[in-house]
């Protein structure tokens with residue numbers, strides 16, 4: 001979708017990292033406060049943006065958290081798995097951009 005322009009890749013990846021980082025913080029806060037409606041909303045948004053940068057495992061975890069939030073059954077382990085996966089995506093996208101910028 002992004003073509004072969006490495007500069008465009010990095011612009012999109014950096015925008016994702018900035019926005020997604022905030023979403024992960026909100027997901028954690030909403031899970032802690034058991035605000036499942038907002039948790040589901042944030043997980044859904046992060047799922048969509050994760051797919052746009054091909055972070056498919058993160059998108060799958062977000063889908064799981066979104067579904068569990070609908071049922072009010074998200075655990076700290078689910079949120080921890082999401083955060084861990086996000087941190088791995090951060091490392092991968094950051095390395096990519098450092099290499100090609």
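For (1) closer than 26 Å to residue 97 by Cβ; (2) surrounded by fewer than 15 Cβ atoms within 10 Å (Cβ to Cβ); (3) more than 15 Å from the chain's Cα centre (by Cα); (4) free of Cβ contacts under 8 Å to residues at least 24 places away in the same chain, each residue gets a yes or a no:
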| position | (1), (2), (3), (4) |
| --- | --- |
| 20 | yes, no, no, no |
| 27 | yes, no, no, no |
| 36 | no, no, yes, no |
| 43 | yes, no, no, no |
| 47 | yes, no, no, yes |
| 51 | yes, no, no, yes |
| 58 | yes, no, no, no |
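Taking (1) more than 20 Å from residue 9 (Cβ to Cβ); (2) over 13 Å from the mean Cα position of the chain (by Cα); (3) free of Cβ contacts under 8 Å to residues at least 24 places away in the same chain in turn, residue 95 satisfies each apart from (1). Residues that are closer than 19 Å to residue 19 by Cβ, touching a residue at least 24 places away in the same chain (Cβ under 8 Å), touching a helix residue (DSSP H, G or I) at 6+ places or on another chain (Cβ under 6 Å) and surrounded by 14 or more Cβ atoms within 10 Å (Cβ to Cβ) do not occur anywhere in region 67-77.
We did not get these values from a lab; they are worked out from the coordinates using the rules stated. Predicted, not measured: the structure shown is a model, and the values here were computed from it. Neighbour counts run over all protein chains shown; Cβ positions are idealised from the backbone, glycine included.
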